[in-house]
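In what follows, a structure is listed as structure tokens, so that the remarks can point back to it.
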Amino acid sequence: MPLRAVPRPVAPAGLRRNGPGLGLAAAGVAAAWALHRVLPAVPLLTLAVLLGLAAGQLPGLRAVVTGPAKAGLALAARRLMRAGIVLLGLRLGLRDVLGLGWATVLMVLAVVAATFFGTCWLGRRLGLPGDQPLLIATGYSICGASAIGAVGQATGSEEEDIATSCALVTLCGTLAIAVLPLLQSPLGLDAAEFGRWVGAGVHDVGQVVATAQTAGPVALREAVLVKLIRVAMLAPLVAGVTVAVARRPARAAGTARPPLLPLFVLGFLAMVALNSTGAVPAAALAWAGHAQELLLAAALFALGSAVRLGALARTGGQVALLGLASWVLVAGAAYGGVLLTG
């Protein structure tokens, strides 16, 4: 009696389609984590973007990024970004924010508004294409690449615009880690003032921590609390931008309007409310923090891999000028706010 061939198990279609890209994103996160252990002053998320950027340019890896890994990387950039933003809400507690006082809260709101609207205006004057002015303004005014990803997901921005904006804000935030500590003494800032300046003027949470810790624990505490106020602005900003996009007259036929408050932003707000109750154990918050960082690192690696330096070079001068101007704007506005609030 002839033996029948045993059929090989067939992987689900979703796994075959997305597995290579998700695996590459996981490898990128592992490499970023290893580098972060060697270079602890450079935040994990910054390294993830830079490694993704390198993967998208190297001839051997570029064929993988644009071929079998493309679908999975796109999934990571979209879904893992949203999951990481939801968990980011567990870093924020209303009592911590209110404990800073209304003067500091109003100062941060003014810095965010000045940076956002000023960068949008300048970006349009420079003639940058697509949603780049909006995305860059969001990243500099709120919380770096995480905010860019949130707004980009909510508005359906082009992946290339999101990736380019993330690369720009990440590079500027990395420079801040080296430059701002050198300015503390010349600007006459004590530790607490320096911490508030860093929290109001540096983009990503990891970059804020890396910059502020150079001035000691007081500066670090003030920086993180002020930074969390900016993070709290993510939800109303996404809602406002989504409403503005929904009102655009030129929309493709049959294109669904985005919800006024995307589901992942509702999840972010739910996590803020949950953390504000004080019912979440410290160990659970720690695990959630690690998970949030890894999810965002995978998403940012995927976004970095989508950057094409050739395309970036075509608008490189304008993009670099907008990034430098926005960096000066947010740092200057934050410094003025710190001096006014004492």
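The values are calculated or read from the model by the stated rules, or taken from the named source; none is laboratory data. Note that the structure is predicted; figures quoted are calculated from it, not measured. Virtual Cβ from ideal backbone geometry, glycine too; neighbours counted across all protein chains shown. Surface accessibility is based on the protein's heavy atoms, side chains included, excluding ligands, DNA and RNA. Shrake-Rupley method; radii C 1.70, N 1.55, O 1.52, S 1.80 Å.
Against the condition over 15 Å from ALA334 (Cβ atoms) and part of a helix (DSSP H, G or I), how does ALA200 come out, does it pass?
No.
Take LEU189 and tell me if it is at negative phi, crowded, with 22+ Cβ neighbours inside 10 Å, outside any helix (DSSP H, G or I) and in contact (Cβ under 8 Å) with a residue 24 or more places away in the chain.
Considered against the rule, which asks whether it is at negative phi, crowded, with 22+ Cβ neighbours inside 10 Å, outside any helix (DSSP H, G or I) and in contact (Cβ under 8 Å) with a residue 24 or more places away in the chain, LEU189 comes out as no.
When the residues of the range 90-135 are narrowed to those that are of a type in the set (D, E, K, R) and part of a helix (DSSP H, G or I), which ends up nearest to ALA334 (Cα to Cα)?
Step by step, filter the range 90-135, then rank; the result is ASP96.
Tell me, please, whether a residue that is crowded, with 20+ Cβ neighbours inside 10 Å, under 14 Å from SER326 (Cβ atoms) and β-branched (Val, Ile, Thr) can be found in the range 210-219.
no
What number of residues in the range 233-251 are part of a helix (DSSP H, G or I) and modelled with pLDDT under 80?
Looking only at that region, the number is 5.
Scan the helices (runs of 4 or more DSSP H) fully inside the range 37-89 and keep the ones with 3 or more residues being in contact (Cβ under 8 Å) with a residue 12 or more places away in the chain and open to solvent by less than 40 Å² (accessible area, probe 1.4 Å).
By residue number, 44-55, 70-75, 81-88.
Can you name the residue in the range 90-106 that is of a type in the set (D, E, K, R) and surrounded by fewer than 17 Cβ atoms within 10 Å (Cβ to Cβ) and is also nearest to SER276 (Cα to Cα) among such residues?
Among residues in the range 90-106 that are of a type in the set (D, E, K, R) and surrounded by fewer than 17 Cβ atoms within 10 Å (Cβ to Cβ), the one nearest to SER276 (Cα to Cα) is ARG95.
Looking at (1) touching a residue at least 40 places away in the same chain (Cβ under 8 Å); (2) not in a helix (DSSP H, G or I), find the lone condition where THR174 falls short.
Going through the list (1) touching a residue at least 40 places away in the same chain (Cβ under 8 Å); (2) not in a helix (DSSP H, G or I), THR174 breaks only (2).
For residues in the range 142-164 being in contact (Cβ under 8 Å) with a residue 40 or more places away in the chain and part of a loop (DSSP other than H, G, I, E, B), which is nearest to ARG230 (Cα to Cα)?
Filtering first and then ranking leaves ILE142.
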